[in-house]
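These notes are about the structure you will find just below.
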Amino acid sequence: MQRRIPIDELFSHSVMLAACTIGFLALSVVVGLCFYRRNYLGAKIRFLWAGATLLGAGVMVFNAYHRGLLQSNALRNVDEGDALMLLASVIASGLVVVLIIPLALRLYGKWTGRNLTDQEKQPGIEAVQAFLGGRTLPLALLVAVCLWLGYDWPFWPTLLGLVALVVSYPLINTLLNTPDTAGAGQASAYSEDVSDERDSVMKLLEEEKISAEEAAELISALGTGAAPAGLAGQSPALTGGARKAAIIGAVLVAVGFFLPWFSVDVGKEMSRMQKGLWSSMKGFTPPGFNAHAPQMPPEAMPTPAPSGVITRAAGPDIDKGLGWVVLLGATGAALLLFLPTKLTAKQTQMICLAVLAFGGLVIAYILTEGEIRHASVGIVAVGIGYAIQFAGVASARRSPTGAAPEA
C-alpha cells in the first residue's frame, strides 16, 4: 500500500500561500472578464473589479491565517487530498467577495428600476425567465459553490435561496399586478379623446376662430391634463427617504446574514462548566464516602480544552431556517417600496411595518433560544438593519396618490 506523504514534507507554507494567491488572482481575472462588464454593471468597471479583488484577497489571507495555513504545525499529518481541499476552501472564501459584488449591484439596479428591460417590467413568467437569463443564474451558481467550499454552507439551500432572491422582484410584481384589460381600454379611450380635442383645436385655428397663442395654450393644457383615476400605473407612494432607509437596512441585513451570528469559544465554555461543576461539588459527600479521606484539590481536576477553538454559526446555520426568514423579510420589505403596485401609501406602509415587526420578533426569538452572551457581529448587523428599515418606513411621509415619490 502506498504511503500518503504529509503535505508539509512537499511544500512550505510560503509555497502554499503563493499557490492560493496565484489561483485567486487567476480566477478573479476570469470573473472580471465574464461578469464585470459595462453593459452589466455600468461605468467604472475597472475600479470596481480592482476594489473587489483587493477586498477578496484580504478575506482570503484572513481565512488562511485562521484556518492554520500560515501556522507552523498546521500542515502536519495532512495528506494531499486534504491539502487541496484546504487550498480550494481558502481561495473560495476570497473569491466569493469578487462574485457577490456584481450579483448584489445587478439586483440593486433591477430593484431600483434603473436597469430593467421592457420584458422584466411586465408581470408574468416571461419576466422571471428574463431575470434568470444571461449571466445571472451562472453567477448565483458560482456564489453558492464558493460559499459551500469556503464557508461550509449547504449547497442546495444556498443556491435555492439565491435564486429566490433573484426572482423575488418579478414574482412579487406578478402577484401584485394582474393584467387589467379594463384599464387598458380606458387608456385607449382617453388617448383617442385627447387626439380628437387636438384636432378640434387645429380646425379652429385653421378657420381663424382662435389665435395661434390661444391654440398653443389649449394644446398645452391637453398635454398636461390629468389622466382618469386608475389610468396611470401606481408608483411607490412613500417618499424617497423611506426607500433609502429600506435599501441601507436590507444591505446591512444581507451582509450580517453572511457573518457569524453566534461565536462560542469551546475552551472557555468547558472551563466555565468545569468551574461551575467544581463549585457545586464543594462540601458534597456522596453516601458511603469517607469524609475524612483526602479530597482532590482544584488543580488536580482535568485541564479544560485550550481557549482559541471557536465555533461560529451564521445566518444559514440557524435552526428551522429562521435565518433565511429574517433575510427574506428585510428583502421583501425593501422590494415592496420599489414595486409599482395598486396598494395605497398607507397600505404599503402598514404591510412593510408588519413584515419588519415579524422579522424583529424572529430575531428576538433567535436571541432567546441561543445565549445573548454568544451573540456576534452578524446578528448585531441584522438587528441594526431592521431598526433602520423600521424607523425609515415608520417616519416616512406619504405622497399623494398617483404622484411620484421624492428621489
Under 15 Å from the Cβ of Gln119, count the other residues' Cβ atoms, weight Lys and Arg +1, Asp and Glu -1, and hand me the total.
-1
Under a Cβ-Cβ cut-off of 15 Å, what is the net charge of the residues other than Pro138 that fall near it, where Lys and Arg count +1 and Asp and Glu count -1?
+3
So Gln122 and Ala354, fully extended at 0.36 nm per residue minus their Cα-Cα distance, gain in nm 80.8 nm
Pairs over 31 Å Cα to Cα, from Lys110/Lys342; Lys121/Lys346; Lys320/Lys342; Lys121/Lys203, come to Lys320/Lys342; Lys121/Lys203
Counting Lys and Arg as +1 and Asp and Glu as -1, what is the net charge of the other residues whose Cβ lies under 14 Å from the Cβ of Val326?
-2
Pseudo-spin-label distance Asp265 to Val377, built 7 Å along Cα→Cβ, given in nm, is 1.7 nm
Roughly speaking, what is the stretch gain from Met202 to Leu25, that is 0.36 nm per residue apart minus the C-alpha to C-alpha distance, in nm to one decimal?
57.0 nm
Taking only the C-alpha atoms, wrap a convex hull around segment 309-401 and report its volume per residue in Å³ as a whole number.
97 Å³
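Laboratory data are not the source of any read-out in this text; all were calculated from the coordinates shown. From a predicted model like this one, the values you see are computed outputs, not experimental measurements. Reconstructed Cβ throughout: ideal geometry from the backbone, glycine too, with neighbour counts over all protein chains shown.
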